[in-house]
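As structure tokens, the structure follows; a few thoughts come after it.
The values are calculated or read from the model by the stated rules, or taken from the named source; none is laboratory data. Because the structure is a prediction, the values reported are computed rather than measured. Because the Cβ atoms are built from the backbone with ideal geometry, glycine has one as well, and the counts that use them run over all protein chains shown. Protein only, heavy atoms only, side chains kept; ligands, DNA and RNA dropped before computing areas. Shrake-Rupley method; radii C 1.70, N 1.55, O 1.52, S 1.80 Å.
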Amino acid sequence: MAISFKKTYKFAVKSAFYITLFSGGFLTLLLYFFQQLDYLLIGVFTVSMYVFSFFVIQYRVERFIYRRVKKIYDDVSLLDSTTFRSQPITTDMATLTRQVKKFATDKKLEIETLKVREEYRREFLGNVSHELKTPLFTVQGYISTLLDGAANDKTLRKKYLERAEKGVERLIYIVKDLDMITKLETGDLNLEYAEFDIIEMIKNVFDLLEMRAAKKKITLTFDTKYAKPILVNADEDKIQQVVTNLVMNSIKYGREGGTTEISIEDLVKNKIIVRVTDNGEGIQKQYIPRLFERFFRVDKSGARSEGGSGLGLAIVKHIIEGHNEKIYVESQYGVGSEFSFTLEKKK
Ligand code: ADP
């Protein structure tokens, strides 16, 4: 507050000076005119006049500005009780201007964020309904055909029921991914750090995805034989999800008879880097920066047989960044891709 009054004094000092100058001069003139020039009287008058005007002006201005400014504070506090109320009320215009400016900038930022969020929400809803529509209509189509008579044909019945089931499975898969991404994006990550052997975990993922890989004659392998366990400190289930998504992608976008290879290397003293490399279709350069976006797919047609939810890599990125680690991608179109991420070694 002390600083904020400085400038208001200046106003009173100056105004009092002008009044004193004028009235002192006027008095001198009068006395001179009546030939009663008395310098002591003039001196006493000037000093008293100055002191008097100074205090009156200072007091009046302060009260006046204080009242006006307080009203501004009150009005603004109505909009935002947190930032403005906590500031001391000032009668200094510069401070006030600064505070109002800051308030306006904060508000602008808040509005921008809300706009972005609104855009995000709209886009998210659009994407979700788009993703759900296709499998839902597929299921509905098969069920309708069955009801329309196909159910009487034994072979058709089984075939259509199986296809409907596939559609439902896909719906469940998408809903699960949606559930996951929602949790991740609202910050409900709840990582449970523990020590585990990453080699063991990757072997597990290989076992689980073996059948899928076999369908495309893809070999899942390590770059060398890891005889000793490599212990890391992370959330095992979540990292397993990361590896699963990456290996799954390497199969989905891999070529028939191709290979997915995982390597683990020391990066710095307490970090390792896990690389998942494939020799599949690769990714064109212009798409690489967008790969980790929600719902982003290179092939938007949906005609592709290997349709994911488009959330796989977004989930991967969230999990890795939730661990304060990094994820990288390198890819050459037509040659293959390499996704890698870092992890903390056991302490
Ligand atoms: P999706 O569910 O479509 O697989 P992802 O988020 O997992 O979604 O991947 C986004 C897109 O990145 C995929 O649609 C695909 O075009 C591309 N992509 C991901 N991994 C690979 C890979 N190993 N090789 C080539 N393209 C890939």
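Here E330 and L136 are evaluated by their C-beta separation; at R0 = 30 Å the FRET efficiency comes out at 0.25. For segment 107-186, a simple Cβ point-charge model (Lys and Arg +1, Asp and Glu -1, everything else neutral) yields a dipole of about 120 debye relative to the Cα centre. The accessible area of R63, taken with all protein chains in place and a 1.4 Å probe, comes to roughly 110 Å².
Taking the longest Cα principal axis of the chain as reference, the axis of helix 236-252 is set at about 60 degrees. Listed by chain and number, the aspartates and glutamates whose alpha-carbon sits under 17 Å from that of K176, ignoring those within fewer than 8 places in the same chain, are E131, E165, E185, D188, D237.
From the Cα gyration tensor of segment 137-214, with a ≥ b ≥ c the square roots of its eigenvalues, which class applies: rounded if a/c is under 1.5, or else prolate if a/b is larger than b/c, or else oblate? Oblate is the answer for segment 137-214, as a/c is 1.5 or above yet b/c matches or exceeds a/b. Shape analysis of segment 212-335 places it in the oblate category; the axes a ≥ b ≥ c from the Cα gyration tensor give an a/c of at least 1.5, with a/b not above b/c.
Toward the positive end of the charge dipole of segment 194-344, with +1 on the Cβ of Lys and Arg and -1 on the Cβ of Asp and Glu, the farthest Cα among A234, A314, I199 is that of A314. Here's the list of lysines a cross-link from K347 could span, going by alpha-carbon distance under 28 Å and ignoring same-chain residues fewer than 8 apart: K203, K225, K228, K238, K269, K271, K317, K326. Residue farthest toward the positive end of the dipole of the chain, with Cβ of Lys/Arg at +1 and Asp/Glu at -1: which of M49, I262, H130? The residue sitting most towards the positive pole is M49. Between helix 312-322 and the chain there is an angle of about 50 degrees, using the helix long axis and the longest principal axis of the Cα atoms. The dipole here belongs to the chain: it is taken about the Cα centre, uses +1 on the Cβ of Lys and Arg and -1 on the Cβ of Asp and Glu, and is about 1200 debye. Classify the chain from the C-alpha gyration tensor, please: rounded if a/c falls under 1.5, else prolate or oblate depending on whether a/b exceeds b/c. Note, shape of the chain comes out prolate.
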